[in-house]
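Enquirer: Supplied in structure tokens, the structure appears directly below.
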Amino acid sequence: EKGGYDHFMLKEIYEQPKAILDTYRGRMLADEGIIRMAGIDDNMNKFLNAERIIIVACGTSWHGGLVGEYLIEEFARIPVEVEYASEFRYRNPIVTSKDIVIAISQSGETADTLAAIKLAKSKGAFVFGICNVVGSSIARETHAGAYTHAGPEIGVASTKAFTTQITVLTLIALKLASKKGELSKPELRSLLQKMQLIPGKIEALLKIDDKVKEIAAVYKDAPNCLYLGRGFNFPVALEGALKLKEISYIHAEGYPAAEMKHGPIALIDENMPIVVIATNKGHYEKVVSNIQEIKSRSGKIIAIVTEGDTQVKEIADHVIEIPETEEALTPLLTTIPLQLLSYHIAVMLGKNVDQPRNLAKSVTVE
Ligand code: F6R
């Protein structure tokens with residue numbers, strides 16, 4: 001059932017081109033500039049009149065939610081807040097019938113997320129679910145929703161669930177943006193056409209697996225690792241760190257790159273590997289100066305850059321190239337090498353990749 005792969009996690013990483021395609025198939029007509037999502041279309045007025053969108057989730061799905069915040073605010077210009085479901089449910093949050101709550105969950109069974117939904121409903125909010133497991137508790141408890149269609153995710157470490165959540169959130173952001181007149185038809189068409197190229201670009205990106213494996217071999221014994229990114233790729237840095245810590249048990253932290261100088265920079269020495277996402281349009285010059293700061297403190301730099309990059313290549317110890325795309329779509333690409341890096345490190349360390357210690361696939365207790 002692992003389809004010839006050594007682990008479910010690797011299989012699921014490689015399934016991402018198809019999973020993303022399955023997620024947008026039937027929902028977007030790129031050349032016509034049309035997005036159809038029943039859960040959104042049927043509730044369009046609620047979305048257009050919403051004063052605020054609150055995204056609730058846990059773990060990797062919370063990281064997906066953060067990417068959603070950047071997407072929805074950038075394109076649809078609706079204020080978004082992203083909350084850990086566990087904090088939201090217990091802090092007496094201000095929620096009204098003018099809010100829309102989007103709950104994101106792969107399993108659809110996460111106890112804290114489910115409780116956050118019930119709380120939001122009791123306060124009159126409209127609750128929209130983004131789930132992978134069809135018919136799950138969260139899918140049933142929400143007023144409307146959109147499935148990710150990633151197929152079963154068996155590996156405890158979430159991979160294709162994350163990228164398909166981002167796919168759904170991208171469609172929602174673009175749909176709302178075009179309805180609100182924030183995006184013209186040609187702009188929408190162009191973005192959707194770029195979206196359509198993503199599965200093929202991930203396919204190409206997966207070919208760098210051997211290179212990622214070489215990098216993994218160099219850093220597998222590091223006790224710590226930092227992940228840095230800005231903008232759309234800040235949540236990807238958080239997700240990269242979570243992937244590494246949960247399956248390899250190496251302590252890792254993700255930070256917005258500019259926050260480094262407010263503390264984490266003290267950790268940097270020649271033994272510290274730092275993964276930096278430096279795509280060409282995403283505050284590139286600022287990230288380059290962050291990389292220079294790391295270099296001058298002898299940190300080891302593993303940079304994720306856009307194809308054809310020259311500046312970062314001169315400074316970084318290792319460079320992984322991703323294909324060119326719209327900046328807002330780069331999380332779908334930059335995530336892939338980070339998943340592979342943690343996978344290979346965990347395998348090299350002899351860890352149980354698919355079932356890391358102390359973790360469960362669905363967290364049904366708070
Ligand atoms: C990380 C991971 C967990 C889950 C979290 C939420 O790889 O798997 O952090 O993302 O437990 O689970 P769902 O999405 O099922 O609500």
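The values are calculated or read from the model by the stated rules, or taken from the named source; none is laboratory data. In this text the structure is predicted, and so the values were computed from the model without any measurement. Reconstructed Cβ throughout: ideal geometry from the backbone, glycine too, with neighbour counts over all protein chains shown. Heads up: the accessible areas ignore ligands, DNA and RNA and are worked out on the full protein's heavy atoms, side chains in. Shrake-Rupley method; radii C 1.70, N 1.55, O 1.52, S 1.80 Å.
Enquirer: Keeping to segment 78-114, report how many residues are in a strand (DSSP E or B), within 16 Å of the ligand (Cβ to nearest atom) and either surrounded by 22 or more Cβ atoms within 10 Å (Cβ to Cβ) or among the charged types (D, E, K, R) (or both).
Expert: Of the residues in segment 78-114, the ones in a strand (DSSP E or B) are 80-84, 99-105.
Still in the list and also within 16 Å of the ligand (Cβ to nearest atom): 82-84, 101-105.
Retained after the next criterion (residues that are either surrounded by 22 or more Cβ atoms within 10 Å (Cβ to Cβ) or among the charged types (D, E, K, R) (or both)): 82-83, 101-105.
Qualifying residue count for the region: 7.
Enquirer: Among the residues of segment 62-77, what is the count of those that are closer than 21 Å to Tyr255 by Cα and either part of a strand (DSSP E or B) or open to solvent by 10 Å² or more (accessible area, probe 1.4 Å) (or both)? Steps first, answer last, please.
Expert: Of segment 62-77, the ones closer than 21 Å to Tyr255 by Cα are 62-71, 73-74.
From what's left, either part of a strand (DSSP E or B) or open to solvent by 10 Å² or more (accessible area, probe 1.4 Å) (or both): 62-63, 66, 69-70, 73-74.
The total comes to 7.
Enquirer: Look at Thr163 and say whether it is within 13 Å of the ligand (Cβ to nearest atom), in contact (Cβ under 8 Å) with a residue 12 or more places away in the chain and either over 22 Å from Thr364 (Cβ atoms) or part of a loop (DSSP other than H, G, I, E, B) (or both).
Expert: Details: within 13 Å of the ligand (Cβ to nearest atom): yes; in contact (Cβ under 8 Å) with a residue 12 or more places away in the chain: yes; either over 22 Å from Thr364 (Cβ atoms) or part of a loop (DSSP other than H, G, I, E, B) (or both): yes.
When the stated conditions are applied, Thr163 passes them.
Enquirer: Out of all the residues in segment 130-160, which are of a type outside the set (Val, Ile, Thr), assigned to a strand (DSSP E or B) and within 23 Å of Pro17 (Cα to Cα)?
Expert: Cys131, Gly145, Ala146, Tyr147 - these are the residues of segment 130-160 that are of a type outside the set (Val, Ile, Thr), assigned to a strand (DSSP E or B) and within 23 Å of Pro17 (Cα to Cα).
Enquirer: May I ask you to verify whether Val67 is within 16 Å of the ligand (Cβ to nearest atom) and touching an Asp or Glu at 6+ places or on another chain (Cβ under 6 Å)?
Expert: No; evaluated as a whole, the condition is false for this residue.
Enquirer: When you check Lys118 against the structure, is it more than 16 Å from the ligand (Cβ to nearest atom), open to solvent by 60 Å² or more (accessible area, probe 1.4 Å), within 22 Å of Asp42 (Cα to Cα) and in contact (Cβ under 8 Å) with a residue 12 or more places away in the chain, yes or no?
Expert: Answer is no for this residue.
Enquirer: Which residue pairs have Cβ atoms closer than 8 Å, lie 6 or more positions apart in sequence or on different chains, and pair a first residue in segment 132-144 that is under 12 Å from Ile104 (Cβ atoms) with a second residue that is within 9 Å of the ligand (Cβ to nearest atom) and modelled with pLDDT under 95?
Expert: Asn132/Glu153
Enquirer: Checking Gly254 against (1) within 24 Å of Pro17 (Cβ to Cβ); (2) within 16 Å of the ligand (Cβ to nearest atom), which single condition isn't satisfied?
Expert: Unmet condition: (1).
Enquirer: Filter segment 223-266 down to residues that are part of a helix (DSSP H, G or I) and under 20 Å from the mean Cα position of the chain (by Cα), then give me how many there are.
Expert: 21
Enquirer: Still on this structure: Looking only at segment 267-281, decide whether some residue is assigned to a helix (DSSP H, G or I), within 27 Å of Ala204 (Cβ to Cβ) and open to solvent by 60 Å² or more (accessible area, probe 1.4 Å).
Expert: No, the conditions are met nowhere in segment 267-281.
Enquirer: I would also like to ask the following. Going residue by residue through segment 237-251, is there one that turns out to be touching a Cys at 6+ places or on another chain (Cβ under 9 Å), within 27 Å of Leu206 (Cβ to Cβ) and open to solvent by 60 Å² or more (accessible area, probe 1.4 Å)?
Expert: yes
Enquirer: Between a first residue in segment 221-247 that is within 16 Å of the ligand (Cβ to nearest atom) and among the aliphatic types (A, V, I, L, M) and a second residue that is assigned to a helix (DSSP H, G or I) and at pLDDT 95 or above, which pairs have beta carbons less than 6 Å apart while being 6 or more apart in sequence or on different chains?
Expert: Correct list of pairs: Val236/Pro331; Val236/Thr334; Val236/Thr335; Leu238/His63; Leu244/Ser342; Ile247/Ser342; Ile247/Ala346.
Enquirer: Scan segment 36-64 residue by residue and report those that are in contact (Cβ under 8 Å) with a residue 60 or more places away in the chain and closer than 27 Å to Lys361 by Cα.
Expert: The answer is Gly39, Ile54, Val56, Cys58, Gly59, Thr60, Ser61, His63, Gly64.
Enquirer: When Glu51 is evaluated against the numbered criteria (1) closer than 25 Å to Asp112 by Cα; (2) open to solvent by less than 70 Å² (accessible area, probe 1.4 Å); (3) more than 20 Å from the chain's Cα centre (by Cα); (4) of a type in the set (D, E, K, R), which criterion, by number, is the only one it fails?
Expert: Result: Glu51 fails condition (2) only.
Enquirer: If you don't mind, another one. In segment 310-366, what count of residues is obtained for those that are assigned to a helix (DSSP H, G or I) and open to solvent by less than 50 Å² (accessible area, probe 1.4 Å)?
Expert: 21
Enquirer: Here's another thing I want to ask about it. Any residue in segment 328-335 that is within 30 Å of Ser86 (Cβ to Cβ) and within 16 Å of the ligand (Cβ to nearest atom)?
Expert: yes
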